[in-house]
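Novice: Once you've had a glance at the structure underneath, I'll fire off some questions.
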Amino acid sequence: MTVTSDPMTARRPGAGPPDAAPADRPRPGMLLVLMAGVFMTALDVFIVNVAIPATARELDAGPDAIQWIVAGFSLAVACGVITAGRLGDLFGRRRLYALGLALFTLASLMCGVAPGVTVLIAGRVAQGLAAALMSPQALAILGTAFTGRARARAFSVYGLTMGVAAVFGQLIGGVLIQADLFGLGWRSCFLVNLPIGALALALLPRLVPESRGTGRARLDIAGMVLVTLALIAAVLPLIQGQAAGWPLWTWLSFAAAAVLFGGFVAYQIGLGRRGGAPLIDPELFRARTFSLGLVAQVVFWTGQASFFLVLALYLQEGHGLSPLNSGVVFVAIGAGYLVTSTSAHHIAARLGRLTVPAGTLLMVAGLALLWAGAGRAGTSGPVSALVPGLIVDGLGMGMALSPLVSTVLATVEPRHAGAASGVLSTAMQVGGALGVALIGVVFYRALAASGGYPHAFRAGLAFLIVVEIVTAALVFALAGGRKVRGSGRR
């Protein structure tokens, strides 16, 4: 990637520098600070599920409130990341990352001391908005601050951090609640973010250089409003539709989302032709790697949150395990994930763009093993029978997660890094919401038909196997069916 200076930025008083020259060696301090935010935001997606029963009892939260404690975070993230990515390009990625990190830490404090459910929901939405500020900045900084093998390693660290937070989130939450430090109970699941956030904020100015995109410093307000409304209309029914029984408003919302997205695309194209600065430059989608890669991301993440959901339900409802004990079972996935994610850049250098298809096919094998070990309707197989499948699934996940992110962002120019990272983060959130909605239909219909969690779990696994096969096909098409060897450079 080459970086040119921005004459307009250079003329503005007090403007920070554009992207610094990419480094060809990893910067451990920078990665540590950036991954602190990535870890906290990813952890909060999964740890809250463990805290919900105790939270509901203490705050007397009903089903609707519980749903918003979980969904408020995801909805805020999904609707904010595209705008946040563009803001980072314009006003400085480190500045926006620091703002998001500070707000996330304060919002975590708000959640941890919440006297009632209304304050807790507000805190969760604030956490989501702060996470939306951070997420695209971290990806954009990684994509512009490193090159070659260092870039591949940086994205491997990103994938490792995301995966550790996901697969160990339930275990970490179970341990915190079980320990009941200072009598905090479920509140410690939020307050644990305070020391991490404070330390990262203290180190941030010294370890992370400022960068911004090149180009005209304008903010597309109309585009920002259109895409935000479109995302709310698309994601809200995905989050609430299954629990509400898919009432009429959910379908009207989907229809409104289609109209709003169409209007947004037309406006962005027209603004670009008039010489304006669109929120998302249509030029981004002319690159096959980016556009097809986004579709692959949506499909891939359709299978992630939904898998953790049905596995937790099967372990806790089908086998009667406590949150802590079910969290221990998740360690099997983590073990496999750690093996491949810590060496993902070496695997990618050997297999090239076939790394992700190979990883997803390995996940298919793991899910098939789980399907075989889950037991049939009315009977649950032993928990130990799940371990081989969980390990294999974790191995595949570690191979696929970070190389897929790196592949999608590989051809993005530095001036579009923030906007592209925002679009990518949105694809992850939409995929997760879509997956939970679809797996809910499959899982609960199978549960109602058979009355048994083993049968419902196997039905969910069959759906997930199809998802991973589709992901493999998409990424294989992205790779052009060719094996690419080399140093991991793209």
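FYI, it's all coordinate maths here, none of it is from the lab. Model, not experiment: these values are computed from the prediction. Please note: Cβ atoms are built from the backbone with ideal geometry, for glycine as well, and neighbour counts cover all protein chains shown.
Novice: Enumerate the calculated ³J(HN,Hα) couplings along region 268-279 in order (Karplus 6.51 cos²θ - 1.76 cosθ + 1.60, θ = phi - 60°), each rounded to whole Hz, writing x wherever the residue is Gly or Pro.
Specialist: Using θ = phi - 60°, the values come out as 5, 5, x, 5, x, 5, 7, x, x, 10, x, 4 Hz.
Novice: With a/c under 1.5 counting as rounded, go ahead and sort region 161-247 into rounded, prolate or oblate using the C-alpha gyration tensor (a ≥ b ≥ c being the square roots of the eigenvalues; past the cut-off, prolate if a/b is larger than b/c, else oblate).
Specialist: oblate
Novice: For the Cα atoms of the chain, what angle does the longest principal axis make with the long axis of helix 28-59, in degrees from 0 to 90, nearest 10?
Specialist: Tilt of helix 28-59: around 40 degrees.
Novice: Pairwise over distinct Cα atoms, reciprocal of the mean inverse distance: report the Kirkwood radius of region 24-100 in Å, one decimal place.
Specialist: 14.9
Novice: OK, next. Sequence-distant or interchain residues sharing an amide H contact under 5 Å with Phe146, placed H: which?
Specialist: Counting only residues 5 or more places away or on other chains, the set is Ala23.
Novice: Another question, then. Going by how many other Cβ atoms sit within 10 Å of their own, how do Glu468, Glu317 line up, fewest first?
Specialist: So the residues, fewest neighbours to most, are Glu317, Glu468.
Novice: Let me ask another. Any idea what angle helix 417-450 forms with the longest principal axis of the chain, computed on alpha-carbon atoms, 0 to 90 degrees, nearest 10?
Specialist: Orientation of helix 417-450: about 20 degrees from the principal axis.
Novice: Using only alpha carbon positions, build the gyration tensor of region 219-330, then give the equivalent ellipsoid semi-axes as the square roots of 5 times its eigenvalues, largest first, whole angstrom.
Specialist: Each semi-axis is the square root of five times an eigenvalue, giving 38, 19, 11 Å.
Novice: Out of all Cα-Cα pairs in region 221-278, roughly what percent, to the nearest whole number, are more than 17 Å apart?
Specialist: Tail fraction, whole percent: 43.
Novice: Helix 323-341 sits at what angle to the longest principal axis of the chain, using alpha carbons and giving 0 to 90 degrees rounded to 10?
Specialist: 40
Novice: Then there is this: Before rounding to the nearest 500, sum -39500 (n - 2.57) across all DSSP H runs of length at least 4 in the chain and divide by the residue total; then give [θ] at 222 nm in deg cm²/dmol.
Specialist: -26000 deg cm²/dmol
Novice: With r defined as the distance between the Cβ atoms of Trp251 and Val113 and R0 fixed at 51 Å, what FRET efficiency is calculated, to the nearest 0.05?
Specialist: 0.80
Novice: Let me ask another. Sorted from fewest to most neighbouring beta carbons within 10 Å, what does the list Tyr267, Tyr314 look like?
Specialist: Tyr267, Tyr314
Novice: Also, I was wondering about something else. So, by mean Cβ neighbours within 10 angstrom, what's the order for 106-112, 72-78, 135-141 with the highest one leading?
Specialist: 135-141, 72-78, 106-112
Novice: Provide the gained length on full extension for the span Val259 to Ser384, in nm with one decimal, where the gain is 0.36 nm per separating residue minus the Cα-Cα distance.
Specialist: 40.1 nm
Novice: Below 8 Å, C-alpha to C-alpha, sequence gap of six or more: please give me the relative contact order for the chain in percent.
Specialist: Value for the chain: 23 percent.
Novice: Working only with C-alpha atoms, what are the Rg and Dmax values of the chain, expressed in angstrom?
Specialist: 21.7, 71
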